[in-house]
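Quick note: the coordinates plus some simple rules give every number you see, no bench work behind them. Keep in mind it's a predicted model, so treat the numbers as computed, not measured. Note that we place each Cβ from the backbone using ideal geometry, even for glycine, and neighbour counts take in every protein chain shown.
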Amino acid sequence: MFQNVHGHTPKPSGSNQPYKQEGEIFKAVEHLDKYVGCSGNIRAGYIESSIGSDKTLSANAIGGKLGCGYTFNENIKVHLGLYTSLDTGLNRSDDNNIQDDFFNNKKDGYILLGEAYLNFNIDKFEFHLGRQKLDTPHFDADDLRMIPNLFEAYIFDYHASDNLYFGSGFVREMSGWENGADRADFIGVGDAFGGNGGSAWVSWINYEYYQLSTSLWYYLIPDHLHIVFAEIIYEDHITDQIAYTFGLQYDWGHNAGANRLDAIHANTWGVFASLSGFDLTASFAYNQNYGGQGAISSLGGGPFFTSMEELTLDAVSGDDASAFMLLVEYSPLDYLTVGGAFGKFKASDRSQFDVDEINVFVNVNWDKKVALEVMYANLDDKNTLESDHQFRAILTYKY
């Protein structure tokens, strides 16, 4: 059976802001002090999957987020965010038949103080301290279930100019459906990678010039690993109706210090190209890793152009892993996107790994308040002749 490695619908990472805060949470509330605001979402989800199991598992849940913030002045803001995912009471009574991505390690619902941060700025410096969302190449929210991945981080950003900024800091802990332990708890970053404790130091620099966006990232988890990630994205128009995007990426990883992880020696590069026009987008992506240890894994969906709903390049076992992906999207309405993608993930010796994945999806974003994401994935292992599937649907109302 397939390893249960979750990815996402592929696109260039293109994120120049490592911290991520949904919406404008510091809206004025008329009957309270004008600096106080609350917002959040209500969410319902269903998932069915045979991936990683000898039978089909399923689950449904309701939950959401309540976040409230307070602005002391134009320089200082604080925010608390409470997340929850609850059993609807309609799931199977036998826990062995429940797909557990929505729940804690006991397959029960839970409530989590997922955000508790202080933001303040001094001149061109911005500081983001505490539990928060992150959106970096190797640490990201990957919000594909009831509750996203969340991180305890202490980082700063310096805006040297309109085009250039950089930052640094450390990420102490992670919670969420991809932390490898209990989704309802924050655990050390090293533990989430499969090691033993430890925080991660991260630094980055971003430069944008007209249609060109570049970024360079460095991660260090002492006694675990080093990661260097670089990406270049170029976007432009051929005509008023036709646009294109071209991207290159490189990812390097190696053991560090006491080597608390398995052998790591990864060199991965990738290319991405897309063409959009008349409500259609067609994309191609390719990633290649050199070496026997495989591509670097991530806490989240990861940075690779070829990442799909289930498989990412780091899921490939065997030497010289590679993947390519073809994607077609159609947006007949401003709030509706439908599409499909095909990906092949393989080792140089296909008897070690050779899996095809097909994704079919529908995304609805109505009036910036109602969002529906429906995704079907089918995985076909050419070596075992097994075919597994996954279906998920997440409905979100933002308030």
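So how do ILE147, ILE242 line up by other beta-carbon neighbours within 10 Å, fewest first? Can you show the working numbers first?
Working: ILE147 27, ILE242 11.
Final ranking by Cβ density, sparse to dense: ILE242, ILE147.
So who's got an amide H within less than 5 Å of the one on LEU150, skipping anything under 5 residues away but keeping other chains? H placed 1.01 Å off N, in plane.
SER175, GLY176
So, counting K/R as plus one and D/E as minus one, what does the shell of residues with Cβ under 11 Å around GLY270 add up to? It would help to have the intermediate numbers written out before the result.
On the way: positive: none; negative: GLU231, ASP251.
Once positives and negatives cancel, what remains is -2.
Starting at the first residue of segment 222-227, write each ³J(HN,Hα) from the Karplus equation 6.51 cos²θ - 1.76 cosθ + 1.60 with θ = phi - 60°, in whole Hz, x for Gly and Pro.
Each residue's phi maps through the Karplus curve to give x, 6, 10, 7, 9, 9 Hz.
ASP388: net charge of surrounding residues, Cβ under 9 Å, Lys/Arg +1, Asp/Glu -1, itself excluded? Please report the intermediate quantities before stating the final value.
On the way: positive: none; negative: GLU310, ASP380, ASP381, GLU386.
Surrounding charge for ASP388 is -4.
For the chain, just say rounded, prolate or oblate: build the C-alpha gyration tensor, square-root its eigenvalues into a ≥ b ≥ c, call rounded for a/c under 1.5, and beyond that prolate if a/b exceeds b/c, oblate if not.
Numbers: a/c = 1.26, a/b = 1.14, b/c = 1.10.
Cα axes put the chain in the rounded bin.
As a footprinting exposure proxy, order LYS107, LYS346 by other Cβ within 10 Å, with the fewest listed first. Walk me through the intermediate numbers first.
Values: LYS107 15, LYS346 19.
Ordered from fewest to most neighbouring Cβ atoms within 10 Å, LYS107, LYS346 come out as LYS107, LYS346.
Net charge within 11 Å of ASP349 by Cβ-Cβ distance, Lys/Arg positive one each and Asp/Glu negative one each, not counting ASP349 itself? Could you put the intermediate results ahead of the total?
On the way: positive: LYS346, ARG350; negative: ASP319, ASP320, ASP354.
Net local charge, ASP349 excluded: -1.
Go through 216-224, 305-313, 71-79 and give me the packing order, highest mean Cβ count within 10 Å leading.
Descending mean neighbour count gives 305-313, 216-224, 71-79.
List SER53, SER215, SER274 from most exposed to least, where exposure is judged by having the fewest other Cβ atoms within 10 Å. Let's see the in-between values first.
Values: SER53 15, SER215 23, SER274 19.
The fewest-first ordering by Cβ neighbours comes to SER53, SER274, SER215.
Counting each DSSP H run of 4 or more residues in the chain as -39500 (n - 2.57), what helix-only mean residue ellipticity at 222 nm follows after dividing by all residues, to the nearest 500 deg cm²/dmol? All intermediate terms of the calculation are to be shown ahead of the outcome.
Numbers: 1 runs with 4 residues, N = 399.
Rounded to the nearest 500, it is 0 deg cm²/dmol.
Using θ = phi - 60° and the Karplus form 6.51 cos²θ - 1.76 cosθ + 1.60, what ³J(HN,Hα) does each residue of segment 100-109 get, whole Hz, x for Gly and Pro?
Residue by residue, segment 100-109 yields 9, 4, 8, 10, 7, 6, 9, 6, 10, x Hz.
Convert each backbone phi in segment 197-210 into a coupling constant with the Karplus relation 6.51 cos²θ - 1.76 cosθ + 1.60 (shift: θ = phi - 60°), then list the ³J(HN,Hα) values in order as whole Hz, x for Gly and Pro.
Result, ordered by residue: x, x, 9, 10, 8, 9, 9, 7, 9, 10, 9, 10, 9, 6 Hz.
For segment 155-175 and segment 59-102, what is the centre-to-centre distance using only Cα atoms, to the nearest Å?
Comparing the Cα centres of segment 155-175 and segment 59-102, I get a distance of 27 Å.
Please tell me the relative contact order of segment 19-398 in percent, rounded to the nearest whole number, where contacts are Cα pairs under 8 Å and at least six residues apart. If you can, show how the numbers build up before the last one.
Values: 1073 pairs, mean separation 40.6, N = 380.
Relative contact order comes out at 11 percent.
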